[in-house]
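Comments concern the structure below.
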Amino acid sequence: MNFNLKQIPERNKKPRLDGITMVMDKGLSINEAENFMSVSGPHVDIVKLGFGTSFVTPNLEGKLKVYRSYDIPVYFGGTLFEAFLIRNQFEDYIAICKEYGITYMEVSDGSITIPHAEKCGYIEKLTQHGIVLSEVGSKDAAHIIPPYKWIELMRAELNAGSTYVIAEAREAGNVGIYRGSGEVREGLVQEILTQIPSEKIIWEAPQKAQQLYFIELIGCNVNLGNIAPSEMLPLEAMRLGLRGDTFHLYLNKDDAQ
């Protein structure tokens, strides 16, 4: 850090297992990715190439090379996994990941219906090829999953080998663990946390109010995902109490005088 400030909460150091920030790259150019990394690289833990953008990204290998130069793991969005799966190309998906040196893989069923036992089978198979993140929750706002089912699905996917389970919110933050307005379904989140360790969950939180909610609830080392590149430094400042929303969160008022 650039200055000496007291009463700053301790962030886990990279490479960290919790307190991670997953950034969603929805189409940065190679130059933009380089610029993004030059500013935010020390704080980014994982980059997701959103949905199916990797299929249409020019010079994909060049972009991956930029992220690798900063030791940032990259993975293809879960929608691409589903696109391969629905076309009966699961083995082709594995081959593509190997071809591009992708060692993080997301298993999701937000756009298609996969029997859960079958989904867990894909998780188990992919753990032989790298680190698996599995997404729980539907992209369909009308499909409301009760809390007990979220817990059941998350537990089963962790048992199948997922390193993290991702709580679905889409890139807009208006489904899954959120209402259509973006408001957190607080009862759902708190019930999930009674059964699933917080360090095993990545909460998709693209909106500032959502990020603030989880920082206040779990702490500065909460796992957050679907962060826009332009929001990376503002989020890290918020985690550390260096933004108005969290300014007083870590201060001992007696010592601060």
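Can you find, within region 147-189, the residue that is surrounded by the fewest Cβ atoms within 10 Å (Cβ to Cβ) among those that are of a type in the set (Ser, Thr, Tyr) and more than 24 Å from Leu212 (Cβ to Cβ)? Top of the filtered list is Tyr148. Among residues of region 1-12 that are at negative phi, those with a beta-carbon under 8 Å from a residue that is surrounded by fewer than 10 Cβ atoms within 10 Å (Cβ to Cβ) and part of a loop (DSSP other than H, G, I, E, B) at least six positions away or on a different chain give the pairs Ile8/Met1.
Determine which member of the set Gly241, Gly225 is within 22 Å of Gly41 (Cα to Cα) and in contact with a Phe, Trp or Tyr (Cβ under 6 Å, 6 or more places away or on another chain). Result: Gly241 is the single residue among Gly241, Gly225 that is within 22 Å of Gly41 (Cα to Cα) and in contact with a Phe, Trp or Tyr (Cβ under 6 Å, 6 or more places away or on another chain).
Restricting region 197-249 to residues that are buried (at least 22 other Cβ atoms within 10 Å of the Cβ) and among the charged types (D, E, K, R), the residue that is modelled with the lowest pLDDT is Glu204.
I want to confirm something. Restricting to region 1-45 and keeping residues that are acidic (Asp, Glu) and within 22 Å of Ile215 (Cα to Cα), which single residue is surrounded by the most Cβ atoms within 10 Å (Cβ to Cβ)? The selected residue is Asp45. Is it fair to say Glu61 is of a type in the set (Asp, Glu), closer than 22 Å to Ser111 by Cα and in a helix (DSSP H, G or I)? No.
Scan region 59-72 and report the pairs whose first residue is under 14 Å from Lys48 (Cβ atoms) and whose second residue is charged (D, E, K, R) and surrounded by 13 or more Cβ atoms within 10 Å (Cβ to Cβ), with Cβ atoms within less than 9 Å and a gap of 6+ or a chain change. From residues that are under 14 Å from Lys48 (Cβ atoms), the pairs are Lys63/Asp25; Tyr67/Asp25; Ile72/Asp45. The listed residues are Leu28, Leu85, and the only one of them that is of a type outside the set (D, E, K, R) and closer than 24 Å to Leu126 by Cβ turns out to be Leu85. Of the helices (runs of 4 or more DSSP H) lying entirely inside region 87-172, those containing at least 1 residues that are closer than 16 Å to Leu188 by Cβ span 147-160.
Would you pick out the residues in region 239-252 that are among the aliphatic types (A, V, I, L, M) and farther than 26 Å from Thr194 by Cβ? Residues satisfying the conditions are Leu240, Leu242, Leu251.
If you go through region 2-58 and keep only what is among the hydroxyl-bearing types (Ser, Thr, Tyr), assigned to a helix (DSSP H, G or I) and closer than 26 Å to Cys220 by Cα, you end up with Ser38, Ser40.
The values are calculated or read from the model by the stated rules, or taken from the named source; none is laboratory data. All values reported here derive from a predicted model rather than from experimental measurement. With ideal geometry, Cβ positions are generated from the backbone for all residues, glycine too; neighbour counts draw on all protein chains shown.
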